[in-house]
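Worksheet for the structure shown next.
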Amino acid sequence: MSLAELKDHQRELHRFRLRVGIAGAAVLAAFALLFARFFYLQVLQHDTYASKAEENRISIVPISPNRGLILDRNGVVLARNYSAYTLEIFPRRVRDLEATIGELAELVEIQPKDRARFRKLLAEARNAESLPIRTRLSDEEVARFAAHRYRFPGVEIKARLFRQYPRGEAASHVVGYIGRINARDQERLAELGVEANYRGTDFIGKAGLEASYQQELHGTTGFEQVEIDAAGRGIRTLARTPAQAGNNLTLTLDIRLQEVAEQAFGERRGALVALEPASGAVLAFVSRPGYDPNLFVDGIDPQSWESLNGSADRPLNNRAVAGLYPPGSTFKPFMAMAALELGKRTPKSAIQDPGYFEFGGRRFRDSKPGGHGHVDLYGSIVKSSDTFYYMLANDLGIDAIAGFMRQFGFGAKSGIDLEGEARGVLPSPAWKRERFRRPEQQKWYAGETISIGIGQGYNAYTPMQLALAVATLAANGEMYRPRLVAHVDDVRTGERRALEPALARRLALRPENLEFVRRAMAGVNREGTGARAFAGAPYSSGGKTGTAQVIGLKQGEKYDEKRLAESLRDHSLFIAFAPAEHPRIALAVVVENSGFGARAAAPVARVVLDYFLLGKLPEAAAKGAEEQG
Amino acid sequence: MALEAALASPRRLARRLAEGLDGPLLGLALALAAIGLATLYSAAYDQPERVSSQLGNLAVALAAMWLAARVPPQTLMRFAPPAYLAGLALLVAVALFGDVVNGARRWLHVGVARFQPAEIMKLALPMMLAWYFHRKEASLRLRDFAAAGLLLAVPVALIARQPDLGTAVLVAAVGFYVIFFAGIGWRPLAALGVAAAAGTVPFWGMLHDYQRKRILTLLDPSQDPLGAGYHTIQSTIAVGSGGVAGKGWLHGTQAHLEFIPERHTDFIFAVYSEEFGLIGNGLLLALYAGLVARGLMIAANAATFFSRLLAAAITLMFFTYAFVNMGMVSGILPVVGVPLPFVSYGGSALATLFLGVGILMSIQRHRKLVQT
């Protein structure tokens, strides 16, 4: 290092050390400033702050907003709130919970069910302030507890709003229910960044529209500035920012039509979806059996939960959007559409049906022994010839079928405003490769294509997908995203926000082909498999029956309904639209384990269409109404 | 063989482990961490698992420090540009794919864990700037400082956009310290001050509503007692009511009646101050002052330009953390999310801080080796 460089270096080091000195002085000055501030706060102003802390504590108490109502299209209330008293325990302030509950039981009625629910809530909601031991106290019980209140520190009476579903089971899968916020809900709220707005909120939508429209229904939390004493008891309210109630939902559903449809199922399991083809509005949405959503509101007791969740009928399962069924013969009109559009058949194409189709040494049987004889395209739908569609499927090939059916929404979520929708299975070689692990399972066999043609095989769709496909057929290829909510009302401003129909896609289908398939479906209800169910109907309609196999029959084995266990019996399906010329409604019905489509599902469709188009109640219900009236 | 020998004699093992660690620095940092654990024990009476979790964080942080103390500054210098670039890339990744928590996009998923890439910049930026100035040491011109300003501005802007005002302020400050110690002239410095003042106008436009509200409420917290002012009002009451001797450990009413928000993390000083009073605050200030003094001493004696700059900047970063945090809790600075260094609950910040301590130790250890 040269002398000059060394000098330079020295000068630089000197300058650096000078700056370090300056920085040190600045740090000392800053700390002195802090210390002065502490001295000011802790010595000079100590009395002021000490009294603020000791005597006048201001607590910010959240005011939870009223949850929005859910109404049907005519304003009938499906979900509302009512005020009731609950007896609440603050677990952190109570030393011996069991003893306290025991003493409380001498004043108000506490059933084992209440205790079980309390224990469950305690285990689930670790950080909750207070938990209810009894809900819906009578006035007498409130008075009795108030007289003995001094004995129970950490137990309080609270006035709370409760959710009520006045229609009970009706449309339970649409409306859904609310429940207590649990750790997972809390996490989701944090992810959405809305935690602050849920301070003071105990309940959240868990299923149905209550869940999918949670943010709309919830509203904005208000705050109250309360002066509290050293023990944390409120003395007086200083300021108040009121809560803003959640928005009301008005549905596209007509609850009367809904109830008519539900009653048409009787005790049978199944689902029905009815859509307005020109808008996607859901007119009826049934999943049977239903459940009483009121059970969930106070936190469901373990016994009721067990009976709902453990039931073999799976009442909590929303069959309309999550139940998967092979479409059976209701698939045929769409197959016919594919044949016409892809040029594989013309309206004049006909076959001689011997009652089976032979492929690769295997016989695919027609459901009618001996076959239908001479069958053209029209007849294939009206009489539901299997042989015709075995041959057609073979001619089209699986890729063409899958590609065509995809447009109709088969194997894809419909996008309805509900959570938990299933995608279903639109079978294709690509699907099989993804679905299975072993190479021999991954291969698509030409024989598998044959049964796809009559809606069997790997085909598995939700009733919602079937209804949407029929609606699209009825609306000349226009597919609207199904929706349950017609408009959202802001209670505070009176503002009404309509949810406009959303065109999902427009299928390029030739009008004459659409016309032909719809005419054939009208033939089903006039002279075909649906004729008995629709005998005497004063309106025109189109339909198609379907029977979906639950188990595969071995070759040569004959299907004997009586011998099979009930749960292995075929599902009964029906799709329909009406009036035939200008359809205002399109629907799909599945009745589980009820055999032929014409026998169980078609009459359900008839009841719904009768009520929708004519306002006519089914005979049994009409009689009941008369007696009541 | 060495390992066996070391195992044979625990005392020798201890000596080997302690080799290269700076006694005063370690003592001061551990004293602060102990204060943090004691205060956390009081603040987290309803979540006792936080104390053991923080002990785990401390173990990790100490391991990081121990490792950093073993990396010579020369090696550190080589890592400076890649560390800076990696940090920058991660910040961009956060902007694109980060998780949103409490409305801010700060977190990045790495396998099962999440971390905040902004944390990396607290050390990577001063390393980068020190590396840059070190290379140009002989002839620092104004345009070198301008280039350094650009290196500083890019990550700061990315962090401010997340938005994470507290970290942005810290990173900007630590970058500025490097520039200051590198010897920027007084006149450009004054010009920079004027420019910064003028820059607040567009900066104000960039801020989110809640950030603006926080700054406005600083001027008058009573304006918004329910929202932005609530933190400051309650923490000031906590500090003031502590008095000279404090209410005693575990006896802070403000903390235990849950009036202090974020009392485990950014507002832990309110809990400490309420329970230990002016005497406790004096002790805390003395510990921080000791830490800064030791750090600046290490900087003054450091061997190379790079290590001088880095040591001084890291030391002043500790100071900035402490000053901003205590200032905001006692109501003289706006509420920005800055933890109390070595005391607040939280693993990322603690690891960064002890990593900084480790770097200081390494610089101290190598102060003579390369001196010419």
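Here are the numbers for the structure shown:
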read-out: Filter result (away from every other protein chain (no Cβ under 14 Å) and within 24 Å of B:Ala80 (Cβ to Cβ)) within region B:167-187; value: B:Thr167, B:Ala168, B:Val169, B:Leu170, B:Val171, B:Ala172, B:Gly175
read-out: Residue list for region B:251-283, filter: within 10 Å of chain A (Cβ to nearest Cβ) and of a type in the set (A, V, I, L, M); value: B:Leu257, B:Leu278, B:Ile279
read-out: Conditions (1) among the hydrophobic types (A, V, I, L, M, F, W, C); (2) assigned to a helix (DSSP H, G or I); (3) within 10 Å of chain A (Cβ to nearest Cβ); (4) touching a residue at least 12 places away in the same chain (Cβ under 8 Å); number of the one not met by B:Ala286; value: (4)
read-out: Answer residue from region B:302-336, given it is part of a loop (DSSP other than H, G, I, E, B) and out of contact with any Ser or Thr (no Cβ under 7 Å at 6 or more places or on another chain) and is surrounded by the most Cβ atoms within 10 Å (Cβ to Cβ) among those; value: B:Ala302
read-out: Residue list for region A:440-476, filter: in contact with a strand residue (DSSP E or B) (Cβ under 6 Å, 6 or more places away or on another chain) and closer than 30 Å to A:Ala171 by Cβ; value: A:Ala460, A:Pro463, A:Met464, A:Leu466, A:Ala467, A:Val470, A:Ala471, A:Thr472, A:Ala474
read-out: Among residues of region B:150-189, those that are farther than 21 Å from B:Val94 by Cα and either at pLDDT below 90 or among the charged types (D, E, K, R) (or both), counted; value: 7
read-out: Whichever residue in region A:536-584 is part of a loop (DSSP other than H, G, I, E, B), within 19 Å of A:Arg599 (Cα to Cα) and touching a Ser or Thr at 6+ places or on another chain (Cβ under 8 Å) and, among such residues, is modelled with the lowest pLDDT; value: A:Val550
read-out: Selection within region A:370-423 - of a type in the set (Val, Ile, Thr), over 26 Å from A:Met464 (Cβ atoms) and touching a Phe, Trp or Tyr at 6+ places or on another chain (Cβ under 8 Å); value: A:Val375, A:Thr387
read-out: Filter result (within 30 Å of A:Asp366 (Cα to Cα) and of a type in the set (Asp, Glu)) within region A:436-492; value: A:Glu440, A:Glu448
read-out: Exclusive hit being buried (at least 21 other Cβ atoms within 10 Å of the Cβ) and among the acidic types (Asp, Glu), set A:Asp298, A:Asp254; value: A:Asp298
read-out: Every residue from region A:185-220 that is crowded, with 20+ Cβ neighbours inside 10 Å and in a strand (DSSP E or B); value: A:Phe203, A:Ile204, A:Gly205, A:Ala207
read-out: Selection status of B:Gly36, of a type in the set (Gly, Ala, Ser), surrounded by 14 or more Cβ atoms within 10 Å (Cβ to Cβ), more than 19 Å from the chain's Cα centre (by Cα) and at pLDDT 80 or above; value: no
read-out: Residue within region B:217-233 that is over 26 Å from the mean Cα position of the chain (by Cα), modelled with pLDDT under 75 and among the hydrophobic types (A, V, I, L, M, F, W, C) present; value: yes
read-out: Scope region A:489-503; condition surrounded by fewer than 17 Cβ atoms within 10 Å (Cβ to Cβ) and outside any loop (DSSP other than H, G, I, E, B); matching residues; value: A:Arg496, A:Arg497, A:Ala498, A:Leu503
read-out: Only listed residue being exposed (fewer than 14 other Cβ atoms within 10 Å of the Cβ) and at pLDDT below 90, chosen from B:Leu55, B:Leu13, B:Leu67, B:Leu7; value: B:Leu7
read-out: Residue that is of a type in the set (Phe, Trp, Tyr), outside any strand (DSSP E or B) and either touching a residue at least 24 places away in the same chain (Cβ under 8 Å) or within 14 Å of chain B (Cβ to nearest Cβ) (or both), where the choices are A:Phe162, A:Phe145, A:Phe223; value: A:Phe145
read-out: Of all residues in region B:48-71 being part of a loop (DSSP other than H, G, I, E, B) and touching a residue at least 60 places away in the same chain (Cβ under 8 Å), the one that is farthest from B:Leu21 (Cα to Cα); value: B:Val71
read-out: Tally of residues being of a type in the set (D, E, K, R) and in a loop (DSSP other than H, G, I, E, B) across region A:465-488; value: 1
read-out: Scan of region A:115-138 for residues that are of a type outside the set (Phe, Trp, Tyr), free of Cβ contacts under 8 Å to residues at least 40 places away in the same chain and more than 14 Å from chain B (Cβ to nearest Cβ), ordered by number; value: A:Arg115, A:Arg119, A:Leu122, A:Ala123, A:Ser138
read-out: Residue check, A:Leu28 within 10 Å of chain B (Cβ to nearest Cβ) and at pLDDT 95 or above; value: yes
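Every residue, every condition in (1) assigned to a loop (DSSP other than H, G, I, E, B); (2) under 42 Å from the mean Cα position of the chain (by Cα); (3) exposed (fewer than 15 other Cβ atoms within 10 Å of the Cβ), yes or no:
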residue: A:Phe357; (1), (2), (3): no, yes, no
residue: A:Phe364; (1), (2), (3): no, yes, no
residue: A:Lys368; (1), (2), (3): yes, yes, no
residue: A:Val375; (1), (2), (3): no, no, no
residue: A:Ser380; (1), (2), (3): no, yes, no
residue: A:Phe388; (1), (2), (3): no, yes, no
residue: A:Asp395; (1), (2), (3): no, yes, yes
residue: A:Asp399; (1), (2), (3): no, yes, yes
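The values are calculated or read from the model by the stated rules, or taken from the named source; none is laboratory data. Note that the structure is a prediction, hence the values are computed from the model and not measured. With ideal geometry, Cβ positions are generated from the backbone for all residues, glycine too; neighbour counts draw on all protein chains shown.
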